[in-house]
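Novice: The following block contains the structure, expressed as structure tokens.
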């Protein structure tokens, strides 16, 4: 089971990885199409601010047992949906990169 801290750290690491893929100094031999795919995925990836907000909401919910979850629950579902989409997009970039690496 993934702990919340691990989940948030993973999101931050994925964002950092996508950002690094855009920098030729970090990954000099990446083809343009992989960089473009990373850029497209990063465009809608949760920002550090979004991740921090989600993390704070998660902590608040678990610290305050009387927390009102009406609107916050909607926000959490929305953010969770965005994270799921971002995860799929990261998988697409990873697959494209893997295909490039495996080319003869």
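The values are calculated or read from the model by the stated rules, or taken from the named source; none is laboratory data. This one's a predicted model, so the numbers in the text were calculated from it and none came from an experiment. Ideal geometry is used to build each Cβ from the backbone, glycine not excepted, and the neighbour counts take in all protein chains shown.
Novice: If a residue must be in a helix (DSSP H, G or I), without any contact (Cβ under 8 Å) to a residue 40 or more places away in the chain and either in contact with a strand residue (DSSP E or B) (Cβ under 6 Å, 6 or more places away or on another chain) or surrounded by fewer than 16 Cβ atoms within 10 Å (Cβ to Cβ) (or both), how many such residues does the range 1-47 contain?
Specialist: Result for the range 1-47: 14.
Novice: If you go through the range 77-90 one residue at a time, do you hit one that is more than 19 Å from residue 19 (Cβ to Cβ) and either at pLDDT 85 or above or crowded, with 16+ Cβ neighbours inside 10 Å (or both)?
Specialist: Yes - at least one qualifying residue is present in the range 77-90.
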